[in-house]
1. How big is Rg to Rh over region 182-309, alpha-carbon atoms, Rh as the Kirkwood inverse-mean-distance radius?
2. So if R0 is 30 Å, what FRET efficiency would residue 196 and residue 304 give, r being the distance between their Cβ atoms, rounded to the nearest 0.05?
3. Can you give the Kirkwood hydrodynamic radius of region 77-136 from its Cα pairs, in Å with one decimal?
4. How large is ³J(HN,Hα), in whole Hz, for each residue of region 300-310 in order, when computed from phi with the Karplus curve 6.51 cos²θ - 1.76 cosθ + 1.60 and θ = phi - 60°, using x for Gly and Pro?
5. Which residues' amide hydrogens lie under 5 Å from the amide hydrogen of residue 202, considering only partners 5 or more residues apart or on another chain, with H built in the peptide plane?
6. So if we plug the beta-carbon distance of residue 211 and residue 264 into 1/(1 + (r/R0)^6) with R0 = 45 Å, what FRET efficiency do we get, rounded to 0.05?
7. Can you tell me the FRET efficiency between residue 333 and residue 287 if r is taken as the Cβ-Cβ distance and R0 is 45 Å, rounded to the nearest 0.05?
8. Rolling a 1.4 Å sphere over the protein heavy atoms, what is the accessible area per residue of region 207-323, to the nearest Å²?
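The values are calculated or read from the model by the stated rules, or taken from the named source; none is laboratory data. All of these numbers come straight from a predicted model, not from anything done at the bench. Cβ atoms come from the backbone with ideal geometry, glycine included; neighbour counts cover every protein chain shown. Please note that ligands, DNA and RNA were not included when accessible areas were found on the heavy atoms of the full protein model with its side chains. Shrake-Rupley method; radii C 1.70, N 1.55, O 1.52, S 1.80 Å.
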Amino acid sequence: MPEIEVLQPSSPKLQPAPVAVVPVVKMVNSTGSSTSSATNNNNNNIAVDRKPAAEVVSRKPPALFADDEKKSSKIQELRTLIENCDDFVRRSDDLFLTRFLYCCDWNVEQAYQRMFKLFKLKYDHPDWFIDKQLGQYKDLLNRNVKFVLDKRDKNGRRIFVSKMGNMDINTISATDLAHLDELWCEFMLNDLETQEKGISCLIDMSGYSIKSMRYLTPTNIRIGTQKADLMPVKHMEFHVVNSSVFLNAAVAILYPMLSKQIKDSVHFHYSNWDSLHDHLGKEALPAEYGGTNGDKFDFDLLYKQLLDLEHHYDNLVRFGYELKPHVDRSKYAKFFQSVEKTKSSKRKHKNKKDENVEQ
């Protein structure tokens, strides 16, 4: 399949090209404020081999930082680069672009390079990225493996919980876990406060099985850490609780593959809740972790945060799969065939896993 190249901002190839304009709808972000998102009228049948949407005229979404000329200029500069960087339709609304700008201290070139490396990773490994509508992830969400709390920590960061004991190696794949991470990261980063302050990851190792070590293959570690390093999060901390001897074995395998930035942000609390509260506070945590936010997790409430944005998520699937109207689709025939083959393989694997569960 053809390679997509990382173009420098000064490249003559970065010239305006016809880009389909799609309608804009209002959505509510994770703080309850309204934002805008590009939509597609044909979203009910999203597929990797669909034809580009017809061009339609729409109202431009409200600009962020309209009263800050410097930041507004950087957002527009990055948008121009991204909209003309390759043959695919790319997301370029303000709220998406500011994630990368915050993460890169508003350095446009660094933000552009980070975005394109993430696009390239998705092109090379599409099965590691969300590729279907949100409703099709409900069963996976209901495994209660990963979720975001309804309150922020003492530093104003979102708290992303991973219950490692709820992972079932027989029914949940490494790419399923990557999809969960992406779904929840999209929810958290669709908010300026989180973009500015960052995310606290609470990793609960209770019930972690030695069987889960099978996730830690060289390929899974390589792709998973690449994706984690490229996610546009300005500040991320990892707080590990209820750890065990199995965790020590997993860390011994995984740790050398982690970037220095991630290594420096990992904190092990074991079952010392005072230590955990020093970083996160008590107010956002349930009694399970010595907190004051209820006796247990209210999963209906937590998942409602995500499901309320179903229309927004369904509109994101096309990015990185839909080509611009002027592009000859035959140029990427092998790419689309590869993506469809991967999706077909995942459907067969899911059916097999469902059969194992029923037995």
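1. Dividing the radius of gyration by the Kirkwood radius yields 0.96.
2. That gives a FRET efficiency of 0.75.
3. It is 12.4 Å.
4. 4, 5, 5, 6, 4, 3, 7, 5, 5, 9, 4
5. 160, 161, 162, 239
6. It comes out at approximately 0.90.
7. Calculated transfer efficiency: 0.20.
8. That works out to 50 Å² per residue.
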